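Written out below as structure tokens is the structure these notes cover.
The values are calculated or read from the model by the stated rules, or taken from the named source; none is laboratory data. Predicted, not measured: the structure shown is a model, and the values here were computed from it. Here Cβ is always computed from backbone atoms with ideal geometry, including for glycine, and neighbour counts include all displayed protein chains. To get the accessible areas, we keep the full protein, side chains included, count just its heavy atoms, and leave off ligands, DNA and RNA. Shrake-Rupley method; radii C 1.70, N 1.55, O 1.52, S 1.80 Å.
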Amino acid sequence: MAVEDEGLRVFQSVKIKIGEAKNLPSYPGPSKMRDCYCTVNLDQEEVFRTKIVEKSLCPFYGEDFYCEIPRSFRHLSFYIFDRDVFRRDSIIGKVAIQKEDLQKYHNRDTWFQLQHVDADSEVQGKVHLELRLSEVITDTGVVCHKLATRIVECQGLPIVNGQCDPYATVTLAGPFRSEAKKTKVKRKTNNPQFDEVFYFEVTRPCSYSKKSHFDFEEEDVDKLEIRVDLWNASNLKFGDEFLGELRIPLKVLRQSSSYEAWYFLQPRDNGSKSLKPDDLGSLRLNVVYTEDHVFSSDYYSPLRDLLLKSADVEPVSASAAHILGEVCREKQEAAVPLVRLLLHYGRVVPFISAIASAEVKRTQDPNTIFRGNSLASKCIDETMKLAGMHYLHVTLKPAIEEICQSHKPCEIDPVKLKDGENLENNMENLRQYVDRVFHAITESGVSCPTVMCDIFFSLREAAAKRFQGDPDVRYTAVSSFIFLRFFAPAILSPNLFQLTPHHTDPQTSRTLTLISKTVQTLGSLSKSKSASFKESYMATFYEFFNEQKYADAVKNFLDLISSSGRRDPKSVEQPILLKEGLMIKRAQGRKRFGMKNFKKRWFRLTNHEFTYHKSKGDQPLYSIPIENILAVEKLEEESFKMKNMFQVIQPERALYIQANNCVEAKDWIDILTKVSQCNQKRLTVYHPSAYLSGHWLCCRAPSDSAPGCSPCTGGLPANIQLDIDGDRETERIYSLFNSYMSKLEKMQEACGSKSVYDGPEQEEYSTFVIDDPQETYKTLKQIIAGVGALEQEHAQYKRDKFKKTKYGSQ
């Protein structure tokens with residue numbers, strides 16, 4: 001979510017690692033230990049909570065949290081709570097980092113002292129206030145001054161116990177007076193619009209003369225102030241809750257008779273400071289806060305176009321995207337925004353194919369293929385994370401949940417066995433779990449997202465071409481990603497992939513480590529499996545899996561997700577049954593005078609054809625070859641007043657089908673889309689409603705062959721294209737280029753040095769991959785120009801913003 005700001009969108013996000021707390025104050029009871037959890041709050045709104053660590057004063061959390069921040073905020077706060085079974089959980093202390101200070105701690109592990117929490121310190125929000133001083137002549141002819149105080153509005157007040165009913169009191173205070181007035185209560189809002197004006201008579205000092213506009217004596221001005229207090233009208237018997245205050249000395253009216261500004265609310269002066277700050281222990285955090293200021297799309301055109309044509313640049317090392325990978329300190333830094341941008345514009349497959357094939361050409365030994373942290377492998381990792389998250393969940397979540405719930409002992413290291421545990425039983429438990437996970441993976445090929453399959457196809461081709469004498473390299477090139485970098489890490493740390501809400505307990509964690517190791521080895525297809533384990537107990541356990549059927553299952557799976565067989569389904573000799581079931585279909589009108597009625601039919605889908613039969617086991621009544629499926633889409637309910645309908649569009653007509661329920665309909669649409677994804681003639685537009693009574697219900701076009709009126713849903717899972725903001729990613733890439741400007745300039749020098757001098761390279765230039773100095777130099781020049789233009793726009797925006805914003809308090 002972006003916050004609009006005069007034509008510029010501001011995106012905020014935060015990535016947090018909550019490490020551990022230490023030296024928390026002991027519990028007053030006999031055990032002294034506490035059961036603590038930590039929350040992450042935007043001001044006082046909780047957005048994340050860790051698991052509870054029991055019986056510890058130094059709890060280790062080790063949890064990661066990432067979120068987009070959809071609103072403005074003042075503090076990022078962390079509260080440590082002690083769970084109480086009988087009463088409300090009690091707060092031990094908090095860490096509050098002001099938004100302005102977040103950059104100080106950027107991506108550094110930092111220990112923060114826990115601070116006390118009381119009502120007076122829990123203040124957030126701001127007030128828009130206007131003060132105006134005017135002369136008034138009273139009935140007796142005496143001139144005095146009236147102060148008009150207008151409370152316009154407040155923003156971002158805290159929500160207390162799930163509600164916020166704010167009101168304000170306004171007080172003119174001085175040594176000898178204190179006059180208070182109160183606004184109406186605004187119900188159920190933390191951004192109240194008060195727009196109320198209060199008048200105070202300001203006494204005339206004796207030195208007052210008609211000539212001056214407003215000329216208090218020095219000490220009088222210093223002694224008068226306006227105080228605004230914000231309160232939450234509570235219906236509880238404890239009285240109203242204090243939300244914050246601000247104090248403005250009337251000195252501000254010296255220069256001009258009116259004054260208007262926004263003020264941040266402050267805590268009360270008498271906030272209790274009873275305990276020393278170091279009494280409460282401390283908390284280790286790593287916080288990465290990012291704020292992207294994104295202009296309208298046209299500002300980014302030059303840089304974006306340069307990045308998008310990276311796949312077509314010869315050699316690819318001279319492209320803007322490859323250069324980004326060369327100048328960034330970590331390849332990961334470059335891969336994240338690059339992949340998102342290229343995915344959004346449908347250019348990720350050609351770019352990854354180009355850089356992967358360049359990397360394969362530089363690889364000498366087929367056993368080390370894609371093992372380094374190159375730009376290619378980081379980009380593939382990132383694509384799998386984005387495009388494959390739904391696939392990962394569908395494939396692994398049921399198995400992981402079962403392992404976490406059934407909690408069977410699986411320790412197979414004789415040294416670590418607990419009392420009463422049996423090694424044989426544990427081995428059998430572990431074998432069953434490995435089998436469950438292994439089958440879930442190897443039978444999931446048809447669900448693998450198209451974009452991943454297309455990348456795997458290009459990896460396989462490049463590897464097979466480079467190492468023609470090695471028959472297995474086409475498998476290992478793909479398994480090094482799908483097993484080693486996708487499934488194995490997710491099994492090892494399911495919480496990082498949202499497969500479990502928190503870290504698993506130590507026993508489950510150990511079980512998952514053993515499963516991950518075994519699955520990784522099974523997927524790698526290495527010749528001497530048992531020898532690939534350092535631990536003898538793993539080698540013994542692995543004997544269970546030395547059967548040929550495991551290697552065959554892996555190869556079949558890798559074939560399905562990477563072979564050109566996906567483009568030509570007939571190349572797989574034996575048709576594989578993918579799904580079957582009973583559904584209702586509408587007659588297609590193939591016979592000239594036939595009735596267009598609805599009938600129950602048994603449907604069957606293989607990787608060759610989609611057929612329907614009168615009943616299960618009968619000969620097919622009708623068959624659609626997979627290559628004839630042009631699109632599979634939902635059908636609007638209005639067409640036949642029937643729910644859960646979808647359409648399979650063929651060259652001459654559409655087949656309308658009703659599934660039993662919404663889940664079933666989605667499953668059929670997904671799997672039919674998957675098998676037909678690589679068809680050459682796939683449609684880009686379709687009709688969401690049926691053709692009835694001589695026209696399309698959706699667009700009223702009279703011809704039954706009129707082109708569609710809505711874009712087809714893309715091949716990327718669940719709106720990934722919609723979730724990515726191309727301009728925001730380009731802005732991030734601009735920021736990276738800008739922060740590594742000195743390296744871009746050094747790379748330019750390296751190109752110059754390379755093109756005139758062909759001897760041994762200077763040390764500082766040898767880190768860059770430069771295959772064609774002239775092409776690379778040309779691209780670098782364009783990058784530097786594009787970055788320079790955006791840098792000027794940002795500077796101009798900052799100057800304008802600084803002029804416009806007026807804050808009374810910072």
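Roughly how big is the chain's charge dipole about its Cα centre, with Cβ charges of +1 (Lys, Arg) and -1 (Asp, Glu), in debye to the nearest 20?
With Lys and Arg at +1 and Asp and Glu at -1, about 2300 debye.
Rounded to whole Hz and in sequence order, give me ³J(HN,Hα) for the range 739-748 from the Karplus expression 6.51 cos²θ - 1.76 cosθ + 1.60, θ = phi - 60°, writing x for Gly and Pro.
In residue order, the calculated couplings are 6, 10, 4, 5, 6, 4, 5, 5, 5, 4 Hz.
Can you give me the long-range amide H partners of residue 196? Hydrogens built in the peptide plane at 1.01 Å from N, cutoff under 5 Å, separation of 5 or more residues or another chain.
When sequence neighbours closer than 5 places are left aside, the close amide H contacts are 151.
Leaving out ligands and nucleic acids, and using a 1.4 Å probe, what accessible area per residue does the range 577-711 come to in Å²?
Each residue of the range 577-711 exposes 54 Å² on average to a 1.4 Å probe.
Between residue 681 and residue 597, what FRET efficiency comes out of the Förster formula 1/(1 + (r/R0)^6) with R0 = 30 Å and r the beta carbon distance, rounded to 0.05?
The computed FRET efficiency comes out at 0.50.
Accessible surface of residue 771 in the full protein assembly, 1.4 angstrom probe, to the nearest 10 Å²?
100
What does the extension gain come out to for residue 284 and residue 10, with contour length at 0.36 nm per residue minus their alpha carbon separation?
Here the answer is 95.8 nm.
Return one number: the angle in degrees, 0 to 90 and rounded to the nearest 10, between the long axis of the Cα atoms of helix 331-344 and the longest principal axis of the Cα atoms of the chain.
So the helix axis and the longest Cα principal axis differ by about 80 degrees.
Using only the alpha carbons of the chain, what is the convex hull's orientation-averaged projected area in square nanometres?
If you wrap the Cα atoms of the chain in a convex hull and average its projections, you get 51.3 nm².
Dipole size in debye (nearest 20) for the range 577-711 around its Cα centre, Lys and Arg Cβ +1, Asp and Glu Cβ -1?
Its charge dipole is roughly 480 debye.
Could you pull the accessible area for residue 776 with a 1.4 Å probe, rounded to 10 Å²?
In the full protein context, residue 776 sits at about 0 Å².
Check residue 579: other-chain or 5+ apart residues with amide H under 5 Å from its amide H, H built from backbone geometry?
Close amide H contacts, sequence-distant or interchain: 605.
Only residues of the range 382-425 count here: report those whose backbone N is under 19 Å from the spot 7 Å along Cα→Cβ of residue 83, or say none.
404-407
Figure the gain on full extension for residue 465 and residue 195 (residue separation times 0.36 nm, minus the Cα-Cα span) and round it to one decimal in nm.
Gain in length upon complete extension: 89.8 nm.
How much accessible area does residue 653 have with a 1.4 Å probe, in Å² rounded to the nearest 10?
Probe radius 1.4 Å; accessible area of residue 653 about 70 Å².
Mind pulling the angle between the C-alpha long axis of helix 375-406 and the longest principal axis of the chain? Nearest 10 degrees, somewhere in 0 to 90.
Around 90 degrees separate the two axes.
What ranking of 537, 299, 542 comes out by heavy-atom accessible area, probe 1.4 Å, highest first?
299, 537, 542
Projected onto the charge dipole of the chain (+1 at Lys/Arg Cβ, -1 at Asp/Glu Cβ, origin at the Cα centre), which of 301, 360, 691 gives the Cα projection farthest towards the positive end?
Farthest towards the positive pole: 691.
Kindly write out, for the range 618-625 in residue order, the coupling ³J(HN,Hα) from the Karplus curve 6.51 cos²θ - 1.76 cosθ + 1.60 (θ = phi - 60°), rounded to whole Hz, with x marking Gly and Pro.
With coefficients 6.51, -1.76 and 1.60, one gets 6, 5, x, 7, 7, 9, 10, x Hz.
Please tell me the relative contact order of the chain in percent, rounded to the nearest whole number, where contacts are Cα pairs under 8 Å and at least six residues apart.
11
Between 197, 606, 639, whose Cα lies farthest towards the positive end of the dipole of the chain when Lys and Arg beta carbons carry +1 and Asp and Glu beta carbons carry -1, centred on the Cα centre?
Of 197, 606, 639, it is 639.
Any idea how far the Cα center of the range 460-531 sits from the one of the range 361-392, in Å?
12
As I understand it, the value is the acute angle between the Cα axis of helix 548-562 and the longest principal axis of the Cα atoms of the chain; what does it come to in degrees, rounded to 10?
Long axis of 548-562 versus the principal axis of the chain: about 60 degrees.
From the backbone phi of the range 58-74, what are the Karplus-calculated ³J(HN,Hα) couplings (6.51 cos²θ - 1.76 cosθ + 1.60, θ = phi - 60°) in whole Hz, Gly and Pro given as x?
Working through the residues one at a time gives 10, x, 9, 9, x, 10, 10, 9, 10, 8, 7, 9, x, 8, 6, 8, 9 Hz.
Name the long-range amide H neighbours of residue 712: under 5 Å, sequence gap of 5 or more, or other chain; modelled H, no Pro or chain starts.
Here the answer is 685, 686, since their amide H atoms fall under 5 Å of that of residue 712.
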